[in-house]
Amino acid sequence: MIKNILLLMVMKMIFKEFFANLAILVSLLFFYSQLLYSFSFHSKSPIKLKLLAGLFGGILCNILMYYSIHVEDTLIDLRFIPTILLAYYVGPSAALISMLFTIIGRFFISVSLASYFAIVISVAVTLFAIYFSKKDIPLKVNIFYMITFNNLVFSIVLSFFVNNNILLLKVLFIYWLISYSAAYLAFYVLATIRRSQKLLIKYQRESTTDELTGLNNVRKFDEVFNKLVNELKTNKQKLSLLYIDIDFFKQVNDTYGHAAGDMVLKELGLRLQRCTRSFDIVSRNGGEEFTVLLLDCSLDRAVEIAERIRKNVEDTPFILSKGTPIHLTTSIGVACYQDTTYDTNKIIDDADKALYQAKHSGRNKVCIAK
């Protein structure tokens, strides 16, 4: 009776510590993902990002090692999970950095024969995880092989330290059970978080990017413009705005179809980026209307850039999918804070009025706001 009660108490303590480890693991994975949310970690990430991922993975391994699970006189932990996660999702360099920090952390706990065997386990499991993560097999199967290898190595090593066969079987049974459970849970949690983050990044990008051209959309234009206007109040720099419209664009759609019109819009977006400076802000504000925000740019320089755009469109035909060239022109309105406009709230209106003037005075020209 007493023996059964003691056994129940031991099992209760084991599962209590196990669930505490799961809570720590899930919480730290979530924190880790949120902290590094702005970085997109994958096998082709820059080496600096991989080293950063490996560093945080090593810290997570050490935390899990610190909160070991007691099975009578034996300690087991889940330190291997962050490393195999890194091997699968980020790559070898991150997994190796995580392994290195795990080994260093183990020596801070104690220096003994057990710590040297722990190194053997860490190295073997990491190398196997790196090797197997490159296999083109389903994720669940991949996890199974990596965890099974870890468990086998751990079992072999532990058999050298535990002479009591009953205790050895008990420890191994518990370890195999919790290692599979924790690993599958960790992969599931991280995969779910990554999917959610990818969707969020996708929606954020789509909310500020024109789907057709890849340029800023009107929402992003408004956001950037308002930010720049606020900065003008303190830095006293000039800001020029080009308002650009394709002349007779409706005829392109009517004659060649909307697919051809889309090709023209995309090509014009590329030309605008090539004709402006790398730090200028090109946007598609809707339909065939585009804008370019020219940072710290005088009126004379803005007119020069506008003429470069106008001449590029006039002189270089747009080639459709079937090789048909079509010749187009653009009308451009220019406004410049401090040169044509002294009220920041009127820059857009002034550029729009200048565009209207260009459209109604013959098209294919650049007009300056008055």
Output for region 147-180, where each listed residue is touching a residue at least 12 places away in the same chain (Cβ under 8 Å) and within 34 Å of the chain's Cα centre (by Cα)
Ile147, Phe149, Asn150, Asn151, Ile178, Ser179, Tyr180
Checked Gly333, Gly286, Gly323 against criteria (in contact with a helix residue (DSSP H, G or I) (Cβ under 7 Å, 6 or more places away or on another chain), at positive phi and not polar (S, T, N, Q)); the one match is Gly286
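Can you tell me which residue within region 47-89, out of those that are in a strand (DSSP E or B) and surrounded by fewer than 17 Cβ atoms within 10 Å (Cβ to Cβ), is modelled with the highest pLDDT?
Here the residue is Leu75.
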Only one of Gln237, Gln251, Gln273 is open to solvent by 60 Å² or more (accessible area, probe 1.4 Å) and touching a strand residue (DSSP E or B) at 6+ places or on another chain (Cβ under 6 Å). Can you tell me which?
Gln273
Can you pull out the residues in region 200-235 that are closer than 20 Å to Asp296 by Cβ, in contact with a Ser or Thr (Cβ under 8 Å, 6 or more places away or on another chain) and of a type in the set (Asp, Glu)?
Glu223
Among (1) assigned to a helix (DSSP H, G or I); (2) in contact with a strand residue (DSSP E or B) (Cβ under 9 Å, 6 or more places away or on another chain); (3) at pLDDT below 90; (4) open to solvent by 20 Å² or more (accessible area, probe 1.4 Å), where does Lys202 come up short?
(2)
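The values are calculated or read from the model by the stated rules, or taken from the named source; none is laboratory data. The model shown is predicted, which means the values in this text are computed figures rather than measured ones. Note: ideal-geometry Cβ built from the backbone for every residue, glycine included; neighbour counts use all protein chains shown. Ligands, DNA and RNA are stripped out before the accessible areas are found, and what is left, the full protein with its side chains, is counted by its heavy atoms. Shrake-Rupley method; radii C 1.70, N 1.55, O 1.52, S 1.80 Å.
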